[in-house]
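The block underneath contains the structure these notes are about, expressed in C-alpha cells.
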Amino acid sequence: MTTNEKIEFFWSVPLGELSERLDTNLDGLTSAEAERRARVYGPNRLRRSKRTDSLTLLIAQFKSPLILILLVAVGLSFFFNESIDALIIIAIVLLSSFLGFWQEKRAADAVKALLSIVKIDATVFRDRHQTNVPVEEIVPGDICVLNAGDIIPGDAAILESKNLFVDEAALTGESYPAEKATGVIEKETPLMRRTNSLFMGTHVISGNALALIVSTGALTEFGKVSEGLRVAPPVTEFERGVRGFGYLLTKITLVLVTVIFGITVFLNRPIIDSFLFGLAIAVGIIPELLPAIISINLAVGAVHMSQMKVIVKQLAAIENLGSMNILCVDKTGTLTEGTMRFRGALDSEGNSSDKALLYCHLNSSYQTGFTNPIDEAVRASQQFDLGLWEKLDEVPYDFVRKRLSVLVAKNGEQIMITKGAVGNVLDVCSAAELAGETLDIAVVRQAIEQQFASLGADGFRTLGLAYKYVRSDSITNSDETQMTFLGLLVFYDPPKEGVTQVIRELNNLGITVKVITGDNSAVASSVGRSVLGFEPRLLTGKELHSMNDEALCSRANMIDVFAEIEPSQKERIIIALRQSGNAVGFLGDGINDAPALHASDVGISVNSAVAVAKEAASVVLLEKDLGVLSAGVREGRRTFANTLKYIFITTSANFGNMFSMAGAALFLPFLPLLPKQILLNNFLTDFPAMAISTDSIDPDQLTKPQLWDIKFIRNFMIIFGIVSSFFDFLTFAVLMFVLKAGPDEFRTGWFVESVMTEVLIIVVMRTWQPFYRSRLSRPLLISMVLVLVITVLLPYSPVSELLGFKPIALSSLVLLGFITLLYFAVSEVAKRIFYLKMIRQDPATVNQLHVTTSGIQSANTL
C-alpha cells in the first residue's frame with residue numbers, strides 16, 4: 001500500500017488476499033516496519049492535535065493583536081526617527097513575550113508528562129510477540145488482539161473470533177450489540193450488516209478476537225464522519241467566563257482609547273505620540289498575560305492533582321471539577337469494595353442446597369465467554385472435585401438474554417445448567433425443584449420472587465439457577481426452554497470502609513452524591529441507606545422510561561438513587577441534571593459508562609477502567625477512591641481561586657492607573673508617562689502575577705462550587721479603580737504642587753508610585769480576610785520584593801536616561817511611599833465595605849465567589 005491508499009470494500013476480500021495486499025501475516029509486523037508505516041500514514045487519530053512544540057508556543061506569543069499593533073507602532077517610530085523609543089519598546093515586547101513563552105512551555109511540558117501516565121493502549125503482534133502500544137501508533141497491517149472492554153483502534157477484518165459482540169451504537173445508532181465472526185460478504189453490504197468487520201471508535205462488549213487492521217485515522221469510517229461534521233466541542237463554563245471577561249475589557253478599552261486619542265489630538269499633541277500613548281493605555285488596561293496565567297495556574301494545578309493521584313487529561317476540566325455541585329457515581333467499586341463475594345446457594349424455600357451449589361460451580365467453572373467477578377467469586381468460595389464431569393458446549397452470556405448456559409456430562413447423563421437474572425431464568429422454566437419434588441413453576445414462582453425481593457432488600461445480589469437433561473452434544477439459546485428452577489445464588493459486595501465519611505466530606509464541599517446503578521432497586525436502596533446515611537429517594541429505569549425529558553429535568557434533582565438503569569438512560573440522567581442548572585460530574589469505569597462520561601461537565605474514570613471509559617473521561621483517578629476525588633475538587637477550586645486573584649488584582653490596579661493617566665493627559669502640558677514607561681510598568685508587575693499560581697488560598701474558598709460572575713468583576717473593577725485613581729490624582733497633586741516636579745521628575749515619581757501600588761495591592765486583593773490573616777506563598781513574596789527593589793533603584797541606574805527617568809530626592813521617595821501605604825490601608829477598608837454591601841444586595845453572587853459571611857465578619861475587626 002502507498003501513502004493514503006485505502007483498500008476499498010475490504011469486507012468482501014478473502015483474508016489471504018487481504019493479508020497479501022497489506023504485506024503482513026499472523027506473526028504481525030516488525031518494529032522497524034511499523035515505524036516506517038507510521039511515517040507513511042501518520043498518527044492513528046481522527047484530527048491533528050494542537051501542537052505544543054517550542055516553536056509553535058513562541059510564535060503564539062506574537063499573535064496577540066496588541067503585540068502586532070505595537071510592532072506596527074515600532075515601525076512608525078523608526079519612520080519618525082524615534083529610534084531609541086522604538087528599540088526600548090521592542091526590548092520590552094520581546095522580554096514579555098519570552099516570559100510568557102517560558103511559562104507556557106513549562107506548563108505544556110508538565111501537562112505532556114502527566115498525560116503519558118494515562119494512555120489508551122492496544123495489544124498487537126510486533127516482532128512475533130504480543131505487546132501493548134499506544135492506539136496512536138497502530139498502523140495498517142497490524143494484527144490486533146481484542147478482548148471485552150477494548151476500543152477497536154482502526155477499521156479491521158476479523159481473522160479469528162469467539163463469542164464476539166461489539167457495541168457499534170456510536171457509528172450505526174443500533175443500541176443492541178452486533179455479533180461478529182469471520183467470513184467474506186458482498187461489497188454492497190451496508191455498514192451495520194458487515195458482520196466480518198470491525199470499526200474504529202467502537203468497542204468490544206464480550207468475547208475475544210484477532211483482527212487485521214486495514215485502515216487508521218482519517219481513512220476509517222469514523223474518520224469520514226469526523227471530517228464531515230467538524231463540530232466544535234461545547235464551551236465550558238470556565239471558557240465562557242473568560243470570554244465574557246474579554247468582551248467586557250474590550251468594550252472599556254475601545255471607549256477609553258478612542259476618547260484619549262481624540263482629546264490628545266485635539267490638544268495639538270504630536271499624532272505619533274498620541275497614537276503610541278493611546279496604544280500603551282490599551283496595553284496597560286488589558287491583562288494581556290491572562291491566557292498565560294490561566295495556562296500556568298491550570299498546569300500547576302494539574303501537577304498538584306497528579307501528586308494526589310488525579311490525572312487531568314484536559315486542563316479545562318480542573319475548573320469544571322471545582323465548579324461541580326453534583327457527582328453521579330456507580331455503586332460497584334466506588335461505594336462498595338467492588339469485589340463480589342459468594343454467600344451461598346439456596347433452594348426455592350430459602351434453605352441451603354448442595355445440589356444448587358454443585359451445579360452453580362459447574363456453570364461457573366466451565367464457562368469461557370468472558371471473565372467476570374461473579375464466576376470468579378463462585379470458584380474462589382469452595383473447591384469441588386469436578387474430575388468426573390465433562391464440558392460439551394456452552395451458550396455465552398449476552399445482554400439481551402441475560403443468561404449463561406453450560407452443557408456438561410457425567411456417567412452418560414447430559415445436563416444443561418443455566419444461570420442469570422432471576423426473572424430471565426424464571427421465564428424459561430416450566431417447573432421448580434423443592435425438597436426433591438418437582439412442582440409446576442406457577443405454584444412456587446410467587447414465593448421465589450418474594451424471597452428474591454427479600455434478599456435484595458438486605459443488599460444482596462441474587463441470580464437464578466436452572467437445569468434440564470438433554471440428549472444432544474451441543475446447545476443453542478433456543479434450548480433454554482422447559483427448564484427446572486433449582487435455586488437462588490446469593491452474592492454481596494460490602495460497602496467500602498470510610499465511604500460514608502467521604503460522602504459527608506463531599507457534601508461539606510457543596511457536592512451532592514447521586515448513585516446511578518443497573519442493580520435492582522432493592523439492592524441499590526440498601527446500599528444507598530448504608531453509605532448515604534438516610535433513606536434514599538429512588539427512581540427506577542422503568543419509571544424513567546415513561547417520563548419525558550421535561551418531567552425528568554424537574555424530578556432528577558430530588559432523586560438520590562437511580563436503580564435498574566440501562567446504559568442509554570445514564571446519559572439521559574446526566575443531561576437532565578445539567579439542564580436543571582447543575583455542574584455535573586460522572587464517575588464511571590465500565591463499557592456502558594462512556595456516553596454518560598462524554599455528556600457530563602467533567603467525566604471521571606480510573607486508570608484500571610476499560611479503554612473506552614478512559615478515552616471518554618477528562619479526569620482519570622489512579623485509585624478508585626472518592627477520597628482521592630475530594631482532594632482533586634479542592635485543588636480545582638484552589639486553581640480557579642488563584643485565577644480570579646489575578647483578575648481582581650490586575651483589573652483594580654490597571655483600570656485605576658490607566659483611567660488616571662487618561663485624566664492627567666487632559667490637564668497636563670505633557671504626557672504623564674511615556675509609552676515605553678507604561679510598557680515597562682506592565683512588564684515589571686507581570687512577575688508577581690506569574691507567581692500567583694503558587695499562592696495559598698483561604699479555607700473558605702474551598703467550601704462551595706465556583707462560578708464566574710462578570711457583573712461582580714465589573715463592579716469590583718470600577719469601585720477599586722476609583723480608589724486607585726483617587727490616590728493617583730493625589731500623587732499628581734503632590735508631584736506638581738508640593739515637589740514642583742518637571743516632566744521627567746513627574747514621570748519618574750508617578751512610575752515608582754504606580755508600580756508600588758500595583759505590587760502592594762496584591763497583598764490586599766488576594767484574600768477576602770484581613771490581609772494579615774492570610775499568608776503569602778514564598779515565590780509570590782520574593783517576586784514582589786524584587787520588583788519593588790528594582791523599581792526604586794531604576795531612576796538611579798545607568799539606563800534611567802534611556803527610559804526617560806531622573807533621580808528623585810530621598811524625601812520625595814519617602815513621601816511617595818507614604819501615599820502608597822495610605823492607599824494600601826484605604827483599599828483594605830474599601831474591601832470590607834464592598835463585600836458587606838454585596839452581601840446585602842446579592843448574597844448568592846458573593847457565595848459563588850466563596851466570600852463567606854464569617855469571612856466578612858472577621859474583616860470587621862479592622
Under the Karplus curve 6.51 cos²θ - 1.76 cosθ + 1.60, θ = phi - 60°, whole-Hz ³J(HN,Hα) for the range 566-574, x wherever Gly or Pro sits: 7, x, 5, 6, 4, 4, 5, 5, 4
Restricting to aspartates and glutamates and to Cα separations under 13 Å from K806, and discarding same-chain partners fewer than 8 apart, the set is D744, E745
Calculated over the range 463-531: convex hull of Cα atoms, volume per residue (Å³): 138
Under the 0.36 nm per residue contour assumption, what length would be gained going from the current alpha-carbon distance of E349 and T182 to full extension? 55.5 nm
If R0 is 45 Å, what FRET efficiency do you get for L822 and T703 from their C-beta distance, rounded to 0.05? 0.85
Sites I833 and L730, calculated FRET efficiency, Cβ-Cβ separation with R0 22 Å, nearest 0.05: 0.70
Compute the length gained on full extension between L668 and L94: take 0.36 nm times their separation in residues and subtract their Cα-Cα distance, giving the result in nm to one decimal. 203.5 nm
Under 16 Å from the Cα of K711, which aspartates and glutamates turn up, not counting those fewer than eight places away in the same chain? E237, D842
With every protein chain kept in place and ligands, DNA and RNA left out, what is the accessible area per residue of the range 567-655? Probe 1.4 Å, answer in Å². 25
What nm distance separates the two modelled labels at T540 and L386, each placed 7 Å from Cα along Cα→Cβ? 3.4
Could you pull out the chymotrypsin sites (Phe, Trp or Tyr not before Pro) across the range 368-453 that fall in loop regions by DSSP (anything but H, G, I, E, B) with no more than 16 other Cβ atoms inside 10 Å? F384, F399
One finds, for D473 and S696 with R0 = 51 angstrom and r their Cβ-Cβ distance, a FRET efficiency to the nearest 0.05 of 0.10
Modelled label-to-label distance, S797 and Q501, 7 Å Cα→beta-carbon offset: nm? 5.4
Residue by residue, what Karplus-based ³J(HN,Hα) values in Hz, rounded to whole numbers, does the range 795-811 have, using 6.51, -1.76 and 1.60 with θ = phi - 60° and x for Gly and Pro? x, 9, 8, x, 8, 4, 5, 4, 7, x, 9, 9, x, 10, 5, 4, 4
Among the listed pairs K355/K391; K251/K676; K514/K704; K740/K831; K542/K614; K402/K570, give every one whose C-alpha distance is greater than 22 Å. K251/K676; K740/K831; K542/K614
In straight Cα distance, which aspartates and glutamates are under 17 Å from K624, not counting same-chain residues fewer than 8 positions off? D330, E337, D493, E497, E505, D589, D593, E615
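The values are calculated or read from the model by the stated rules, or taken from the named source; none is laboratory data. Keep in mind it's a predicted model, so treat the numbers as computed, not measured. Counting neighbours? That spans all protein chains shown, and the Cβs are built from the backbone with ideal geometry, glycine included. These accessible areas exclude ligands, DNA and RNA; they are computed on the full protein's heavy atoms, side chains included. Shrake-Rupley method; radii C 1.70, N 1.55, O 1.52, S 1.80 Å.
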